[in-house]
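A short worksheet on the structure shown next.
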Amino acid sequence: MNEIYGNLKKYFGFEQFRPGQEQVINSLMNGHSALAIFPTGGGKSLCYQLPALSFKGITLVVTPLIALMKDQIDYLQSCEVPAIRLDSSLSIDEYRQAWNDLKMGKVKLLYVSPERFSNERFVEQVKRFNLSMMVIDEAHCISEWGHNFRPDYLKLPKFARQFNAERVLALTATANPSVANDIQQQFNIGPDDYVNTGFYRSNLNLQISIVNDSQCDDVLLQRLKERPAGATIIYTTLQKTTESVAGLLGEHGIIAKPYHAGMNPEERHSIQEWFMQNPQAVVVATIAFGMGIDKADIRYVYHYNLPKSLENYMQETGRAGRDGFPAICETLARGDDMTTLENFTYADTPEPESIQAFVEFVLQQEQTFDISEYELAYQFDIRSIVISTLFCYLELEGIIESIGSFYSTYRYQLLMSEQEIMGSFNPNRIKFLQAVFNSAKKGRMWYTIDTTQAAQQLNQPRKRIIAALNYLDEQRLITLKTEKARRLYRFLKTPDDRQLLIQKLTDKFRNSEKNNIERVQHLARISASGECLVRTILNYFGEDLGHNCGHCSSCEGSGPQIFARQAGSITDQHAELIRNLVAENYESLATPRKLSRYLAGMTSPKATRERLTRRSEFGLLAKVSFNEIMTFAESLIK
């Protein structure tokens, strides 16, 4: 450990560890995999960045946001730690330089997103490296019991084994006991290598203030004006709300900038940099903002709209007061927000008929088959994330197994003439390359080639065509891009009872819907109880504070607070508009749930392609409860 302590000071400038860090690092240095559950800002990143310097091979870090990667890389490079990232924001030259540095052994830490593992080129190249450690950030995404389950995460244990990673470190700030147990089982992490430092932050003042729609803006303005200025994040649910609230604040002399995933990357980066450098910056943002923001002096976190779960609440409020000084986290609570969040959850649940059609489709496939999630999303009119989840469930049932993925379409641009390229090859290879080039479709600047079709047309292995294109790219004779990812699967067995399988999958989605609705309602129940907010929330995460915190709104005397709903209703005018819409017989609105989803403001692949989201009926009943919408829709569609 002498080298560890030396590097702690040399590279990071620290004299000692924060709570839990040394225990995690000891596990890793002893060759064990580990799980670290630290609160937001608790120093999770150092747990792998520091030991990575002592390992002989590469540390592969899987993290979900490009913004997070960039922030980490900038920091590490300022500390002279050899770290790079591979993501879609890199230029072609930057991407080539990154791979060259990896091959030359100049890199200690490589950052990628979980989606990168769908790139067959990436997977094959990583297999050639000595992987000392694989790090899974936001590891709660791997658990179906978690609040943010992502199918791409479910594949990571398999890749850790394929890469022969010597150890795995799973990191999260928001895992309840069930999720933590799930993570441990997935990565074979022993009880002695599980470190949870607790979630309690004594400097955070948690407040819940009940408001209605007409009061919310005034209360927010009052809070911002009466409290001392400081760095502030105001979280909203919808992208358009970030724009309207930032505009409102500007009209009242408060400089605020909106931030959401719909902005272009340059604009988001500019706002993030402004926020980092300004001690009194105010950002109105969706939850796309905040992950990886290493700003210690955030004094206020406001929830203009309700968070969708206690996990989200802890993650978002945890960004305040990382410097240890007092910070206020206030939720402006409206019962109607619960209706919006519940509608999102209900709308994401696929219909039993869609699940049945999907299963029948898979069971009709060849022994080995490939699919496009984008194409299937339209075919079954459910979101791509649901398609991906269905495939994961079938893998867990042993019906199919994933055997990789590939890009069916490659695009290339010539960096010199075809004649000049051919001049460096022997006659046999020239003949093959000419045939490959001839199978491509020429655009204004780029050529497009479907490698599967080209392989059939040329009677050549697809791998040979891809190898040739990769070689030309590596030799800087062409610039190569990949498009239209397709996933490869192997059919393993036919289920004994396909109807039982379909029912099991349907139940999984229904149970997930039920759990997510409960998550939406959890904060409301805690508020209505009148009990200490901090103590009750910590208990949900398996931590017993042992006493009331003394500094939340409940402890300060607000008492029980009820999230009163003033949900909208379906008027006669609404009913007439909807009947006329149904009479037009759109395929995307053909069932009660599909129609309800549309009326609640939740789009679908087919509704988007039919351009129905541009109509006034889209989101017409956004403030009406989903169950009420469904009852009405069922009366129209028998």
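Can you list the lysines whose alpha carbon is less than 22 Å from that of LYS158, not counting same-chain residues fewer than 8 positions off?
Straight-line reach from LYS158, under 22 Å: LYS127, LYS493.
Going by a ≥ b ≥ c, the root eigenvalues of the Cα gyration tensor, does the range 332-426 fall in the rounded group (a/c under 1.5), the prolate group (a/b larger than b/c) or the oblate group?
Oblate shape, in that a/c is at least 1.5 and b/c is the bigger or equal ratio.
At 0.36 nm per residue, minus the direct Cα-Cα distance, what do GLU243 and GLU375 gain on full extension? Give it in nm, one decimal, please.
This chain segment gains 44.3 nm when fully extended.
Distance in nm between label sites at ILE562 and ARG615, each 7 Å beyond Cα in the beta-carbon direction?
Roughly 3.9 nm, to one decimal.
Quick check for me: using +1 on Lys/Arg Cβ and -1 on Asp/Glu Cβ, what's the dipole size of the range 74-197 about its Cα centre, in debye to the nearest 20?
Numbers: 14 positive and 17 negative charges, 99 e Å.
Magnitude of the dipole: close to 480 debye.
Run the reach check for LYS594 against lysines, Cα to Cα strictly under 26 Å, same-chain hits fewer than 8 apart removed. What comes back?
LYS240, LYS308, LYS504, LYS508, LYS514, LYS606, LYS623, LYS638
Taking the Cβ of each residue in ILE183, ILE421 as the centre, tally the other Cβ atoms inside 10 Å and list the residues starting with the fewest.
Exposure proxy ranking, most exposed first: ILE421, ILE183.
Starting with the highest mean, order 36-47, 462-473, 527-538, 553-564 by the number of other Cβ atoms within 10 Å, averaged over the residues of each peptide.
36-47, 527-538, 462-473, 553-564
Can you work out the PRE-style zone for LEU221? Point 7 Å along Cα to Cβ, and I want the residues of the range 253-281 with backbone N under 19 Å.
253-258
Provide the per-residue ³J(HN,Hα) series for the range 156-161, in order, calculated from phi with Karplus coefficients 6.51, -1.76, 1.60 and θ = phi - 60°, each as a whole number of Hz, with x at glycine and proline positions.
After applying 6.51 cos²θ - 1.76 cosθ + 1.60, I find 5, x, 5, 5, 4, 6 Hz.
Nearest 0.05, what FRET efficiency do MET416 and TRP99 give at R0 = 30 Å with Cβ-Cβ as r? Before the final figure, lay out the partial values.
Values: r = 22 Å, r/R0 = 0.72.
That gives a FRET efficiency of 0.85.
Measure off 7 Å from each Cα along the Cα-to-Cβ vector at ASP496 and ASN264, then give the distance between these two points in nanometres to one decimal.
5.8
Place a +1 charge on the Cβ of each Lys and Arg in the range 572-636 and a -1 charge on the Cβ of each Asp and Glu, then give the dipole magnitude about the Cα centre in debye, rounded to the nearest 20.
340
Of MET416, SER402, LEU35, which is farthest towards the positive pole of the chain's charge dipole, taken about the Cα centre with +1 and -1 on the beta-carbons of Lys, Arg and Asp, Glu respectively?
Of the candidates, MET416 comes out farthest on the positive side.
Straight-line reach from LYS225: which aspartates and glutamates have Cα under 18 Å away, leaving out those fewer than 8 places along the same chain?
ASP217, GLU251, GLU330
Along the charge dipole of the range 2-196, which of SER178, MET69, HIS140 sits closest to the positive end, that is, farthest toward it, with unit charges on the beta carbon of Lys, Arg, Asp and Glu (+1, +1, -1, -1)?
It is MET69, whose Cα lies furthest towards the positive end.
If you take the beta carbon distance between GLN367 and GLU474 as r and set R0 to 41 Å, what does 1/(1 + (r/R0)^6) give as a FRET efficiency, to the nearest 0.05?
0.75
Once you put a point 7 Å from the Cα of SER54 and another 7 Å from the Cα of PHE14, both along the Cβ direction, what distance in nm separates them?
1.4
Once you have the Cα-Cα distance between GLU3 and ARG429, take 0.36 nm times their residue separation minus that, and quote the gain in nm to one decimal.
Contour length minus Cα-Cα distance gives 148.1 nm.
Restricting everything to alpha-carbon atoms, can you work out Rg to Rh for the range 1-94 with a Kirkwood hydrodynamic radius?
For the range 1-94, the value is 0.96.
Considering only the chain, what is the antiparallel percent among its DSSP beta bridges, to the nearest 5?
35
When all alpha-carbon pairs of the chain are counted, what percent fall beyond 45 Å?
Pairs farther apart than 45 Å: 24 percent.
Out of residues 5 or more away from LEU35 or on other chains, whose amide H comes under 5 Å of its own, with H placed 1.01 Å from N in the peptide plane?
ALA170, TYR194, VAL195
Helix-only estimate, please: 222 nm mean residue ellipticity of the chain, summing -39500 (n - 2.57) across DSSP H runs of length 4 or more and dividing by its residues, to the nearest 500.
-13500 deg cm²/dmol, from helical runs alone.
Restricting attention to the range 128-182, which trypsin sites (Lys or Arg not before Pro) occupy a DSSP loop and are surrounded by at most 12 other Cβ atoms within 10 Å?
ARG128
Rounded to whole Hz and in sequence order, give me ³J(HN,Hα) for the range 604-611 from the Karplus expression 6.51 cos²θ - 1.76 cosθ + 1.60, θ = phi - 60°, writing x for Gly and Pro.
These are the phi-based 3J(HN,Hα) values: 9, x, 6, 4, 5, 5, 7, 6 Hz.
List, in order, the whole-Hz ³J(HN,Hα) value for each residue of the range 457-470 obtained from phi through the Karplus relation with A = 6.51, B = -1.76, C = 1.60 and θ = phi - 60°; use x for Gly and Pro.
Karplus values, whole Hz, x for Gly and Pro: 5, 8, 6, 10, x, 4, 4, 5, 5, 5, 4, 5, 5, 5.
Where nothing but the Cβ of Lys and Arg (+1) and of Asp and Glu (-1) is charged, how large is the charge dipole of the chain around its Cα centre, in debye to the nearest 20?
1680
By the gyration tensor of its Cα atoms, with a ≥ b ≥ c the square roots of the eigenvalues, what is the shape of the range 572-636: rounded for a/c under 1.5, prolate for a/b over b/c, or oblate?
On the way: a/c = 1.40, a/b = 1.30, b/c = 1.08.
Verdict is rounded for the range 572-636.
Between GLN185 and LYS463, what is 0.36 nm times their sequence separation minus the Cα-Cα distance? Round to one decimal in nm.
Details: separation 278, 0.36 × 278 = 100.08 nm, distance 3.61 nm.
Roughly 96.5 nm would be gained on extension.
What is the sum of charges, Lys and Arg at +1 and Asp and Glu at -1, for the other residues whose Cβ falls under 12 Å from the Cβ of GLY619?
Residues close to GLY619 contribute a combined charge of +4.
The numbers here are math on the coordinates, done by the rules we state, and not lab data. Predicted model only: the values in this text are computed from it and were never measured. With ideal geometry, Cβ positions are generated from the backbone for all residues, glycine too; neighbour counts draw on all protein chains shown.
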